[in-house]
Structures are given as C-alpha cells and as structure tokens.
Amino acid sequence: MYRIETAGLAELFAAISETQDLFLPLRKADQTNYGLWSEGEPFDLDTLKTVKSAKDCFFPQSEVLYRCKSEDGKLSIDPQKLCDRAFVVFGMRACDVKAVEVLDNVFLSEPVDTFYAARREHGTIVSLACHEPEETCFCANFGIDAAAPGADVETWIIEDSLYWKPLTEKGEALTESLKAVLESTEKETPAEEAEKTVAEEQEAIRKIIEKLPLSHLDLSRFKPEHTMELFDSPLWEELYKPCLACGTCTFVCPTCQCYDIRDFDGGKNGVQRYRCWDSCMYSDFTMMAHGNMRTSQIQRFRQRFMHKLVYYPANYDGLYSCVGCGRCVSKCPASLNIVKVIKKLGGEV
Amino acid sequence: MQELITRAKELLADGTVSRVLGWKKGDMGWDPEPAYFDKEEDLKDFVYNPFCGANLSKYLIAAGKLEGTTLVFLKPCDTYSLNELVKEHRVKREKTYIIGVGCHGTVKAEKVLNAGIKGIEDAAIEGDTLKVKTLYGEKEMPLMDALLERCQVCKGKTHVVFDELIGAEEGEEAGPGELAGNRFAKVEELEALSPKERFAFWQRELSKCIRCNACRNVCPACSCLKCVFDGNQFDSSQKANADTFEEQMFHIIRAYHVAGRCTDCGECSRVCPEGIPLQLLNRKFIKDINTFYGEYQAGADTESRAPLTDFTFEDVEPGIVNERGGGR
Ligand code: SF4
Ligand code: SF4
Ligand code: SF4
Ligand code: SF4
Ligand code: SF4
C-alpha cells in the first residue's frame, strides 16, 4: 500500500495521462460527470456521486458501429475501430464498480459485445472508498461494501492522504508504471500504521452505512419463484401513476444496459450506423417490425423494476441488477424510484 | 395542510369529486411525489410543504379520461399551465375542481442537501428563512438560497383560475420584486454577449444534456400525442445526441414548439438532472414576444388570441430577424 499526499494527486494524474487516457469526475457547468481529463483541468473527487455513472467509459451513451457509403454504384463499409488505447478510470465508488460486473455478465457472455470487450480489456479501474455515504445510498442491501470498493486498485482518501492498494494484475501493472511518482510523493509510513488508518476509516464508513435510512430493505420477495405473482401485482397501477416516462432513471443508472441501433443518414456523406442507450420507459422501446409488445406506460414501468429485481437475478445466479447507488432516488423528477417499488411490492408498506 | 386534507375529504364524501390529485409523503422528507388519492383514508399520506414543487396540471390530461371530476391542488404558477391546457383543449375545465393553494415558494432539495442539511423530515417557510425539521433537530437556511430558480423570480401570487382558495387570497399581489424581481436579467446578460460567447455558454450547458426527455415530458406545453422526437422516421430521434449540434437541435426545436405557449412555469429546469438552465431559452422567446407584440402572458386567460397564432397589420415584419442578427 502506498500513501501519498492528496496535494500530489494532480502529479499522479499527469503521470497516468502521459501514457494512457484518464477518466475523472470533472466539474463542468456546476455538475460533476466523468470525462476525459487533460492536464491542468480541475477534477472533483469530493462529490460522492457523479450525475451519470462511470458507465460511459465502457459503454458510451452513443457510439458509431460502422459507416457506409455508396459511390458510383459501389457500396463501401468502414467498420469502427475497436478501442485499442489503454485507459484508467479513477474514483469509481463501490456501487459503480459492482455495476461493471452486472454489465460484464451481459456483454461478455456469448455473443460477446466486441466494442464493450475491447474497452474492458484496455481499461483499468481505480476505485475510491466513500468517506461520507449519503442518505440515498443503499448499496449495503446488495452486499456491496463502500469501505472496500474493489476493482483493480482500491483507494481511500483520509484527511490529506490518498491510500493506494493494488488488487489485481492490472492494478499491479498500473502501480508499477507509476512507481516513480508514487514513491517520490510518498509519505513515509510504516506498513502497519497505514493498514491501521485504513482499517479505522473502513470501520467508520461501515458504521455510517449501518445507520443510513435505506440500508435495511427487505428483498426477500424478489426471487425468481415469485415472478408471476410480482408481475401480476395490482400495486403497479398505483406505483406507476406519477411516472413521466422520461429516461432519467435509466440514463443515470450504472447498470441499465439496453441500447437501440439507429442510422444517421448523412446523405451524400453516407450513413453512420450507431447505437445509443435506450430506455424501457420510452414508447418505442423494443419496437419491432410486428409492433410493440409493451403498449402502455404501466408495462414499461414494470419492465424496469422487474428486470432489475427479478429477471436479471433469475438469469445470473441471484445477482440483482440494482447496486443501490441511489441516483434514481435523487434524480427522478416525480420522486419515484426503485426503493419505493421495493418497499411497496416487498410488503413493507 | 390539515385544512387541505379536511376539504378534500369533504369533497370526496359529498361526491363533488371522484379523486384527488395532490402530493404524497416520500421516503425522505424532501421527495414528496405527485399522487392520486381515491379514498378519504388515503389522504393520511397527503403532504403540502416547500418540497412540493411538482406542477400537477399536466396530470389532468390523463385524469380527464377517467370517470368523474378530479380535485387538483394548484399553486399560483401552476394555474397558468392549467389555463393554457384548457385553452388548447387538452384538459376539460368542467371535469376539474381546482383548489388554489397559497405559496411562499418551493425549494430545490439538492440545494438544501448541499447546504449540509441532512436527515430532513419536513420544512416550512418563515419570512425569508427556510426552517427545516431534521433528525438532528431544527435547522435553517436563507430561503433565497434554497428556492427553485422560478421561485426566485416568482410571477406573482395570483391564482388565475380556481374554484376555491385555501391559504391564499383573491387577487393577491406580491410576487415579482418581493423575491428577486427581474426574470429577464439573465436573458439580458446573454443578449449582451457576442454570438461566439453565447454559443460557448450554450455549448457548455447543453453538452451535459443526457437526452432523458424529462424537460419535455414534464412540460405542460409539450402535450403532443406523438412528439416529433419520438418518431423513428425522423433523424433526430429522441434517444441520443449524435453530436454536439444535435443536442442543440433538440432544445431549439422544443423551444420553438412551446414559444408563445410556455407560461414560464419552470418545470423544465426544475427536473433537469444536469441542472441546465432551460428556462433561459423560453424566456428569450417570452421577452421577444413582449417586445414585438406587447406584453403577453401565456395561460393568463383562456380566451385571448396568442400573438404567434394571430395576425394583425401591426405585426413586426419577418425582416426583423435579419436586422437583429446584425444583417448576417
Ligand atoms: S420513474 Fe421517474 S425517472 Fe424514471 S421514467 Fe418515471 S418519472 Fe422518469
Ligand atoms: S436502479 Fe437506481 S439505485 Fe439501482 S443501480 Fe440503477 S440508478 Fe442506482
Ligand atoms: S451507494 Fe454505497 S458505494 Fe455507492 S456512493 Fe453510496 S455509499 Fe458509496
Ligand atoms: S413560482 Fe411563485 S407561485 Fe410558483 S411555486 Fe414558486 S413561489 Fe410559488
Ligand atoms: S431534462 Fe435536462 S438532461 Fe434531460 S433532456 Fe432535458 S435538458 Fe437534457
């Protein structure tokens, strides 16, 4: 484990971005979102949750798949190059890290999504423990430990120090490549002392998590064997009513994985086929040649929560596809969210 | 608040209304949700406090398709939206029973939370202070710092349409000035910039847009059955920004579509997850309409002809656009 001064972070980031791309939470026009960092740009590690999750780094909101053009009666197809440049995402919280596992299950199983796979292969994740979890956080329900966020390298910011602990091969490699700057900015600390400080921080974080209002939800009813009972519940009628059918909850969510494929017709300049995030809340979600199988908002609303809490776990060994980041809790314009659904359908209220 | 509940119960009991549209207590003190109450006992969860920013008038489009009359609680600014919806034949006035509720401003939860006020249970406004009841005791902050932008420049406390008022008085003045005043100040600031600077301002703001459509879906003026951005024949389909130009296109088209009908209710900027000051686009139109056609407030009544859908010989010539653009 390394311990460096937070004042030296810019130096560390500069060292990373010398050889690879670096994605950091950046503050722009009063909001914090992940973005490609360039030297000298201010970053924001104080905001606990970026508006959008770090999902864009691996699965961007929209990306071109290929371009095609017809010239003199000849059709040419120009496939999009896959990601081939190493990059680092720094500062991901435990919930967002877990969300990558949720995405991996979908995109890395057959048929493998090559665009996603290339980014996963080239990306190294440096996580950051949550010094001050917020009341909208409910990661604890999903076995996520905000005090030990995992990924390739785990970090903690405690007072004016950053503690850096590589966990995987990729993490070791990154650490090795940064050795010079890590050592030059290192504060001499005996290993046990650093371990002890981190352990204390972890204990403090876990104590806060324990006390958060949403940390103890009852998920016991959300099991594959209750699928039909939950699907047919009359409670959806009441739950969905205020929903505006916007896409806020799905677009800020780190685990939502649906996308649509569309063409951008540039006329003489050819056609760009691109994919972009889709939202189950949108009226043309899963629109196919024969029509649409969900024709009302109540069905679309139900899809979002059944997918997170019932269908996904049925397909992936009981793993929920909500990580409790609470973004939908704070951002839904109608103050609806998955917690209200869990409580209501789970029989708590 | 108790008065509102009592009255709603009476109206449900005597059959005047079949349901109540109001706000329901959320999990946190700061997130009440719009809700229907069909039975008297459901009203135990009814809440009306400074966190009830949601304008309920658009829900009446859906409520109008249900059997019977719907009782709705509207704040002063919400009543303009309702009038506009009635004017556009989207809401049936006769199937709506309106209780105008008094308002001292609604707050943005994020601002209160960012001020370090945690464990919120309830809030109330006292003069220019927001008093917040929390798990850790009574907290307070300056009201101005907590208010939604629209409330900082409130149009006034008059309900332009209602069946009865509770906690408010007929023809109540105050409003602009009492809070902050000139809602066009920021628009003027932008007008004073060079085209290049203005472009940079909008690019910085709009490049945050995640195309979630919350601004459109919450907007009482956006009530098309099928929005042009939802059609899959149209290149600017709703779902993504193909490039930085496209996101402007979405917003510019939307601003044109609501021009002359936008009441400046402030819902778009209230709901935007990225905090984009969308009201500025619409206010620019409102300001120009005022300049060229005389003062006009959408939703102030249900009969007058709107400047952009009317013709008079005094109308400005289209050439004004060219002149104002510096003849480029
Ligand atoms: S649940 Fe909320 S955020 Fe999601 S679509 Fe409905 S209104 Fe929008
Ligand atoms: S459903 Fe909501 S809380 Fe769960 S991961 Fe998605 S945004 Fe976060
Ligand atoms: S949900 Fe958990 S991991 Fe995510 S930000 Fe909150 S405390 Fe951290
Ligand atoms: S704009 Fe005025 S009337 Fe509307 S919520 Fe704000 S203070 Fe109340
Ligand atoms: S609400 Fe905000 S982020 Fe969503 S589409 Fe509108 S401007 Fe974009």
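The values are calculated or read from the model by the stated rules, or taken from the named source; none is laboratory data. On a predicted model such as this, the values are computed, not experimentally measured, just so you know. Here Cβ is always computed from backbone atoms with ideal geometry, including for glycine, and neighbour counts include all displayed protein chains.
Descriptive notes on the structure:
- Selected residue [within 16 Å of ligand 4 (Cβ to nearest atom) and either touching a Gly at 6+ places or on another chain (Cβ under 8 Å) or assigned by TED's automatic domain parsing to the domain that holds A:Pro234 (or both)] from A:Pro333, A:Pro313: A:Pro333
- Enumerated strands (runs of 3 or more DSSP E) restricted to the range B:1-81, each holding at least 1 residues that are within 11 Å of chain A (Cβ to nearest Cβ) and crowded, with 18+ Cβ neighbours inside 10 Å: B:19-24, B:33-37
- Here A:Arg275 passes the criteria (1) of a type in the set (D, E, K, R); (2) in contact (Cβ under 8 Å) with a residue 40 or more places away in the chain; (3) within 14 Å of ligand 1 (Cβ to nearest atom) except the one numbered (3).
- Residue count, the range A:59-86 (criterion: touching a Cys at 6+ places or on another chain (Cβ under 8 Å) and crowded, with 20+ Cβ neighbours inside 10 Å): 1
- Whichever residue in the range A:311-344 is assigned to a loop (DSSP other than H, G, I, E, B) and away from chain B (no Cβ under 14 Å) and, among such residues, is nearest to ligand 1 (Cβ to nearest atom): A:Cys322
- With respect to (1) out of contact with any helix residue (DSSP H, G or I) (no Cβ under 7 Å at 6 or more places or on another chain); (2) at pLDDT below 95, the lone exception for B:Val47 is condition (2).
- Strands (runs of 3 or more DSSP E) enclosed by the range A:1-42 - at least 2 residues per element that are at pLDDT below 95 and in contact with a strand residue (DSSP E or B) (Cβ under 6 Å, 6 or more places away or on another chain): A:2-5
- Residues in the range A:271-289 that are surrounded by 19 or more Cβ atoms within 10 Å (Cβ to Cβ) and not aromatic (Phe, Trp, Tyr): A:Gln272, A:Arg275, A:Cys276, A:Asp278, A:Ser279, A:Cys280, A:Met281.
Residues are listed down the side, and each one gets a yes or a no for (1) surrounded by 15 or more Cβ atoms within 10 Å (Cβ to Cβ); (2) away from ligand 4 (no atom under 16 Å from the Cβ):
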{"site": "B:Ile98", "(1), (2)": "yes, no"}
{"site": "B:Gly102", "(1), (2)": "yes, no"}
{"site": "B:Thr106", "(1), (2)": "yes, no"}
{"site": "B:Ile117", "(1), (2)": "yes, yes"}
{"site": "B:Ile125", "(1), (2)": "yes, no"}
{"site": "B:Thr129", "(1), (2)": "no, no"}
{"site": "B:Thr134", "(1), (2)": "yes, yes"}
{"site": "B:Glu138", "(1), (2)": "no, yes"}
{"site": "B:Met141", "(1), (2)": "yes, yes"}
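- Some residue of the range A:129-149 being in contact with a strand residue (DSSP E or B) (Cβ under 7 Å, 6 or more places away or on another chain) and outside any loop (DSSP other than H, G, I, E, B): no
- The range B:86-106, residues that are of a type in the set (Ser, Thr, Tyr) and assigned to a loop (DSSP other than H, G, I, E, B): B:Thr106
- Matching entry among A:Glu183, A:Glu200, A:Glu192, A:Glu188 (being modelled with pLDDT of 95 or more and loosely packed, with under 12 Cβ neighbours inside 10 Å): A:Glu200
- Lone qualifier among A:Gly318, A:Gly291, A:Gly324 - being within 16 Å of ligand 3 (Cβ to nearest atom) and in the same structural domain as A:Cys253 (by TED's automatic domain parsing): A:Gly324
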